[in-house]
Amino acid sequence: MKLIKLAFRISLKFTALVLVFIQISCTPQKNNNLITIASNGKIDSLDPAQANKLLAIQLISALGDTLYRVDSNGSLEPRLAKEAPKVSKDGLEISITLRENIFFHDGTPFDSNSMAFSIKRFKDIGTLNYIINDRIIDVETPEKYLLVIKLSRPSSSIKGLLTSINLTPVSPVSYSQYQDKFLNKNLIGTGPYKLIKYSPERISIQPFEKYWDEKPNNSGINYISFNTSTSLYSAIKTGQVDVLLSNSIEDGHRLALNKSSKKGLLIEGKGPAMQIGYIAFRTNSKLLNKKEVRKAISYSLDRKLISKQVSYGLRDPLRSIIPPILQINSTPQWPKYSPEIAKELFKEAGYCKNKILSIPLTFRSNVPSDKLLALTWQEQIKRDLADCFEISLNGVESTTVYKQLSQGIHEAVILEWTGDYPDPYAYLSPLLDCKKIKNESCEQGEALIGGTFWGNIDLQESLNKSELLVGEERLKELRKAEAIAANGLPVIPVWILNPRAWVQTNLTKPEFDGSGRLRIEKISLNNE
């Protein structure tokens, strides 16, 4: 019997060794000459005209440049542009002088024609071309290094738009066959790195020897995709990777890495909080078409509890759809948690008297924080308002959720948003803009695409008016627009999240720009 037990233990140990060997052999191996960055999710396209995911935008920012960039202080910094944009007196023309002696990765010189080619290409086929909308009617090139953008109407937010990664110029030579279609597996830009190898799970980039500005502080980057938060956490803890990006990692792992950095085992860098989490209501449904009901629900949300339970306090509660760093409004405008007020409003709407409002809440099943948020809110509602209100949970993969929003399938859905450029307008307009409104119902516009179907004429007029203003007057008008939205409640803001990155202790501290993107080119070994 003892011999049988001994043989069994030996067999178990042998099996464990085999499993470890298989795991090691199947895991992407580091190239010691390159810095390895890991994150969750595949990069399906590197085309600036198509990219809309944070990972793709992160890589594109290393392979290309934009006309302007927002620095860590929030100021507009000329990049491919030589100086600040000049706006005509009537506000309908923007003149931009470009830098000279800049080359694309294929050797093509960068000039006004290549910039115009890229803007027009994005305007024609861009996935997010609504950010241009009908504002840009033409792009002219009167001189080799002078770009003139013609507007249909004055637009104070256009300067922020010029920092958008979607307007990254691409070589008109290499993209001559891709004027009306996407080039997914390559990017021929002017950036500090050029692409060496591409697959959705693994991308290699190396410094571009003819780069016009400061050269990268490292010899190149290997980007590796992992499927789970656990594998990401293990990879950075064991030293398999050099850098870990925080997107899509579970909050428990984020907390553990934060603690490791405080102990000196890792180095953490934190960027400006730009990503908001919110709940969108289908305001044209029978359950949610009354503002009083949406208002009652908004008072039922305990943001502080949810932040503590779900993110261990790493996500800040938010009662605005504008990131605080943009300083549009120091006073939160959305209702504050109050179960007492919520119950009174539910009673006024005809509930709580042997009648319970039951709302299905959709969460993205592949986003761990969504499910935890939904579960925590569900239990909190049971504690506070069980005789008036309840939610049932419905997990759906995120790609499917986004496709279904405009179809009106989801009564309430947990979503997140990061502005295409750091400006209040880039948050208000994509979530609330509506071009055709009938009885506070949106029939055409971003509100329909975003699944709220909510439209308000006063809000639309306020957004349009803000485009004619600058400085404090503009911010005042945008505050007014947000106040209208906070009263109408097509969405409920929940929290805001800082981007983070963790690196091994032999690397320099991660730096972020004003748009929340990691400055990959700044990463280097401490002894370099």
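With an a/c value of 1.5 or above and a/b larger than b/c for the gyration tensor axes a ≥ b ≥ c computed over the alpha-carbon atoms, region 242-375 is described as prolate. Using the Cβ of Glu93 as centre and a radius below 13 Å, the other residues enclosed give a net charge of +2, where K and R count +1 and D and E count -1.
Set the Förster radius R0 to 41 Å, insert the Cβ-Cβ distance between Glu344 and Lys42 as r into 1/(1 + (r/R0)^6), and round the FRET efficiency to 0.05.
Here the calculated transfer efficiency is 0.30.
With 19 Å as the cut-off, how large is the P(r) tail for region 262-325, expressed as percent of Cα-Cα pairs? Of all Cα-Cα distances in region 262-325, 52 percent exceed 19 Å. The overall shape of region 62-176, judged from the alpha-carbon gyration tensor, is rounded, with an a/c ratio under 1.5. Stretching the chain fully between Leu92 and Glu379 yields a gain of 98.0 nm (0.36 nm per residue, less the alpha carbon separation).
Compute the Cα gyration tensor for region 312-366, then decide on rounded, prolate or oblate, letting a ≥ b ≥ c be the square roots of its eigenvalues: rounded whenever a/c is under 1.5, prolate when a/b is larger than b/c in the other cases, and oblate in all that remain. Oblate, because a/c is 1.5 or more while a/b does not exceed b/c. Annotation for Glu472 and Tyr312: the two label points, set 7 Å from Cα along the Cα-Cβ direction, are 4.3 nm apart.
When the helices of the chain are scored as -39500 (n - 2.57) per DSSP H run of n ≥ 4 and the total is divided over every residue, the value at 222 nm lands at -9500 deg cm²/dmol. With all pairs of separate Cα atoms included, region 275-497 yields a Kirkwood hydrodynamic radius of 17.6 Å. Protection proxy ranking of 398-409, 485-496, by the mean of other Cβ atoms within 10 Å over each peptide's residues and highest first, is 485-496, 398-409.
Our estimate of slack between Leu393 and Asn526, defined as 0.36 nm per intervening residue step minus the Cα-Cα distance, is 43.1 nm.
What FRET efficiency would be calculated for the residue pair Lys82, Asn133, taking the C-beta separation as r and a Förster radius of 25 Å, to the nearest 0.05? Before the final figure, lay out each step's value.
Working: r = 27 Å, r/R0 = 1.09.
For Lys82 and Asn133, the calculated efficiency is 0.40.
Just so you know, the Rg over Rh for the chain is 1.00, from Cα atoms, with Rh as the Kirkwood radius. Shown is the FRET efficiency for Ile457 and Asn113, computed with R0 = 51 Å from the Cβ-Cβ distance and rounded to the nearest 0.05: 0.75. Farthest towards the positive end of the charge dipole of the chain, among the residues Ser248, Thr97, Gly488, is the Cα of Ser248, using unit charges on the Cβ of Lys, Arg, Asp and Glu. With kT/(6 pi eta Rh) evaluated at 20 °C and eta = 1.002 mPa s, and Rh the Kirkwood radius from Cα pairs, region 121-280 diffuses with a coefficient of 109 µm²/s according to Stokes-Einstein. Length gained on full extension, Lys263 to Asn289, computed as 0.36 nm times the residue gap minus the Cα-Cα distance: 4.3 nm.
With both labels modelled 7 Å from their Cα along Cα-to-Cβ, the Lys144 to Glu209 distance reads 2.4 nm.
Kirkwood hydrodynamic radius computed over region 419-493 comes to 12.2 Å, based on all pairs of distinct alpha carbons. Over region 352-458, all Cα pairs binned in 10 Å intervals from 0 give whole-percent P(r) values of 14, 34, 35, 16, 1, listed from short to long.
Since every read-out is calculated from the coordinates, none of them should be taken as a lab result. Since the structure is predicted, the reported quantities are computational estimates derived from the model, not experimental observations. Here the Cβ is made from the backbone with ideal geometry for all residues, glycine too, and neighbour counts use every protein chain on show.
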